[in-house]
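Peer 1: Below is the structure I would like to discuss, written out as structure tokens.
The numbers here are math on the coordinates, done by the rules we state, and not lab data. Keep in mind that this is a model prediction, so the values were computed, not measured. So basically every Cβ, Gly included, is an ideal-geometry build from the backbone, and we count neighbours across all protein chains shown.
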Amino acid sequence: MKRIIIVITVLTIYFKKNIMSRKMFKLLSLFLFIFPSALLFAEDSKGGEGGGAMISVFDVDASPEIGSPMAYDVAKKSWDLSLRARGIVISGIDQPIVLCSFDWIGVGNESQTFFKERLAKAAGTVPGRVSVHAIHQHDAPRSDMSCEKLLLDAGLDAESYDSKLDYLVAERLERAIEESLKEALPLTDIGQGEAPVCQVASNRRIFGKEGVVTGVRYSTGKTKALRKAPEGVIDPIVSLVSFWSGDVPVAVLSFYACHPQSYYRTGIANPDFPGVARFLRELEVPEALHVHFNGAGGDIAAGKYNDGSKVNRGILANRLADGMKRAWEATEKNPIVAADIDWIDEPVRLTPTQACLDEVAEWKKSKDNEWLKKNVRRVAFVERFGKQDYTVLLNCIKLGDVRILTLPGECFVDYQLRAKAARPDLFVAVAGYSEYAAGYIPTPEAYDEGGYEVQVTRIAPEGAENLRVAIDKIMNR
């Protein structure tokens, strides 16, 4: 555009000095004014560079103070790597989109509502276009204001559900998002890349000859026989979605399905091996903010490749970082404009199990505080999700040929594989652990197969089927 204006200016001066009558010069001047203005209007109608869409990033400290509660222990000291709450804002579209990941064990119930409202306000959007996730490492806080209220109303200590940190981090996030929007850059391209990660993930459920679960291989595999068992069904792929402004990578989002524990119960807040892997990638690509999301890893852990030795945190981190690096090197960039970006919702009812309903009904009669302390998450879940009209919205962010599907709770990996298989023509990345109140979400078939996750789930088989149907619908819209 600048070149066109320079050429027109030179021609105007030339014609004025040489061959133009005053009348002819006025007509030419009018034309030369309208022509570049029309070009500018046409360029603006396409959104200019980046098609009008803008990208900005935010990153705040989400670590607990020394002496404050985490999910399982009180924080007694800190390490070099802090816990983060970080994400992106896509603006310059109809309503901005916010995607945020916490280095926490989970964000559920009223806490989901709280953070979505606060982040939406800062970004100038609505809570329905904000997606909040947790990575789920265990040496970290958890957030559930519904559980906190139940405990306080019963005259009990909120303990690990104390929300002081929530309010502090929310204030930091608000300020960070507001500042980030002032420095938003044109979103010109979306990058997509993937690569297999070797010897990290394995299925937790070990099956016998009859097709039922005979053993559970947790994050730490202490039993040699369980560690020798096959990997089982996993998604070995780490997916990368990158956001570019010209040749500059502004944000790199990574997605990998696996429980993120190498070892824990240390009393030290830390992001475990996914956080270390993220840090290693930041060292190599410092221009971009790196944001990690756990996928549908409810039945996936590192137990086959991790015996709990402290050295394994670094080994697992390097293996994940290696996959991330290869996915980065395989990244393909494609131009994107605002019209290519969309937010799709699909409601799903996560029906509680009858056992959950019965247990909570019995507690309401007895008001047994000792039982409440151990089962407060079940009560909070039933009181919220037990309502006949209560649904959770699945979200799918459309970015050209890229889809980012968000899932609640600790979904089995089959849901992730199903979503990807539904659209082989698209690049599909899955972010799990959004509505943490849901807990484990087995597949409908898993209820007959047994295992730990089925024993403790709060979701009835019909709720699992509802989720499967909702995924099919949202992926094909």
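Peer 1: Highest first, please rank the peptides 71-80, 340-349 by the mean number of other Cβ atoms sitting within 10 Å of their residues. Mind dumping the intermediate values first?
Peer 2: Numbers: 71-80: 13.9, 340-349: 17.6.
Result, highest mean first: 340-349, 71-80.
Peer 1: If you don't mind, another one. Karplus couplings for segment 76-82 from phi (6.51 cos²θ - 1.76 cosθ + 1.60, θ = phi - 60°), rounded to Hz, Gly and Pro as x?
Peer 2: 10, 6, 10, 10, 4, 8, 7
Peer 1: Okay, moving on. Of the cross-linked pairs Lys76/Lys364; Lys116/Lys164; Lys304/Lys325; Lys149/Lys387; Lys76/Lys374, which ones have a Cα-Cα span greater than 29 Å in the structure shown? Display every interim value, and only then the final one.
Peer 2: Numbers: Lys76/Lys364 36 Å; Lys116/Lys164 17 Å; Lys304/Lys325 23 Å; Lys149/Lys387 18 Å; Lys76/Lys374 23 Å.
Exceeds cut-off: Lys76/Lys364.
Peer 1: If you don't mind, another one. Can you give me the pair-distance distribution of segment 66-195, C-alpha pairs, 5 Å bins, whole percents?
Peer 2: Computed distribution, short to long bins: 2, 10, 18, 20, 17, 14, 10, 5, 3, 1, 0.
Peer 1: Dividing the alpha-carbon Rg of segment 127-197 by 2.2 N^0.38 Å yields what?
Peer 2: Numbers: Rg = 17.9 Å, N = 71, 2.2 N^0.38 = 11.1 Å.
My calculation over the Cα atoms of segment 127-197 gives 1.61.
Peer 1: Specify the angular offset, from 0 to 90 degrees and rounded to the nearest 10, of the alpha carbon long axis of helix 110-123 from the longest principal axis of the alpha carbons in the chain.
Peer 2: Tilt of helix 110-123: around 10 degrees.
Peer 1: Continuing with this model, one more query. Restricting everything to alpha-carbon atoms, can you work out Rg to Rh for segment 176-239 with a Kirkwood hydrodynamic radius?
Peer 2: Values: Rg = 20.5 Å, Rh = 15.6 Å.
Checking Rg against Rh, the ratio lands at 1.31.
Peer 1: Take peptides 226-233, 278-285, 104-111 and line them up by average Cβ neighbours within 10 Å, highest first, as a rough protection proxy.
Peer 2: Per-residue Cβ counts within 10 Å, averaged per peptide and sorted highest first, yield 104-111, 278-285, 226-233.
Peer 1: In terms of modelled amide H atoms, which long-range or inter-chain residues lie less than 5 Å from the amide H of Val238?
Peer 2: Long-range HN contacts for Val238: Ala195, Val197.
Peer 1: Using the Karplus equation 6.51 cos²θ - 1.76 cosθ + 1.60 (θ = phi - 60°), what ³J(HN,Hα) coupling, rounded to whole Hz, does each residue of segment 131-146 give in order, writing x for Gly and Pro?
Peer 2: 10, 10, 10, 10, 7, 5, 5, 8, 8, 6, x, 10, 10, 7, 5, 5
Peer 1: Using only C-alpha atoms and all pairs of different ones, pull out the Kirkwood radius for segment 88-145 in Å with one decimal.
Peer 2: About 11.7 Å for segment 88-145.
Peer 1: Next up: Under the Karplus relation 6.51 cos²θ - 1.76 cosθ + 1.60, θ = phi - 60°, what is the ordered set of whole-Hz ³J(HN,Hα) values for segment 336-342, x standing for Gly and Pro?
Peer 2: 9, 10, 4, 5, 8, 10, 8
Peer 1: For the chain, what relative contact order do you get, as a whole percent, if you take Cα pairs closer than 8 Å and at least 6 residues apart?
Peer 2: So the answer I get is 17 percent.
Peer 1: A further question on this structure: What is the antiparallel percent of DSSP beta bridges lying wholly in the chain, to the nearest 5?
Peer 2: 70
Peer 1: Can I ask one more? In what sequence, highest mean first, do 182-190, 125-133 appear when ranked by Cβ atoms within 10 angstrom?
Peer 2: 125-133, 182-190
Peer 1: Collect residues whose amide H, placed 1.01 Å from N in the peptide plane, falls under 5 Å from the amide H of Ser245; neighbours closer than 5 in sequence don't count.
Peer 2: Thr188, Val250
Peer 1: Separate question: Scattering from the C-alpha atoms of segment 254-324 alone, worked out with Debye: what is log10 I(q)/I(0) at q = 0.14 1/Å?
Peer 2: Log10 of I(q)/I(0), two decimals: -0.42.
Peer 1: What angle do you read, to the nearest 10 degrees and between 0 and 90, between the alpha-carbon axis of helix 272-284 and the longest principal axis of the chain?
Peer 2: Roughly 20 degrees between the two axes.
Peer 1: Can you put Met324, Met475 in order of Cβ neighbours within 10 angstrom, beginning with the fewest?
Peer 2: Numbers: Met324 28, Met475 21.
Result, fewest neighbours first: Met475, Met324.
Peer 1: May I have the convex hull volume per residue, in Å³, for the Cα set of segment 348-431?
Peer 2: Details: hull volume 9.1 nm³, N = 84.
Residue-normalised Cα hull volume stands at 108 Å³.
Peer 1: Next up: In degrees, nearest 10, range 0 to 90: what is the angle between the Cα axis of helix 354-366 and the longest Cα principal axis of the chain?
Peer 2: Taking Cα atoms only, the helix is inclined about 70 degrees.
Peer 1: Let me ask you something else. According to the Cα gyration tensor, what semi-axes, each the square root of 5 times an eigenvalue, does the equivalent ellipsoid of the chain have, listed from largest to smallest in whole Å?
Peer 2: Square roots of five times the eigenvalues give 47, 24, 22 Å.
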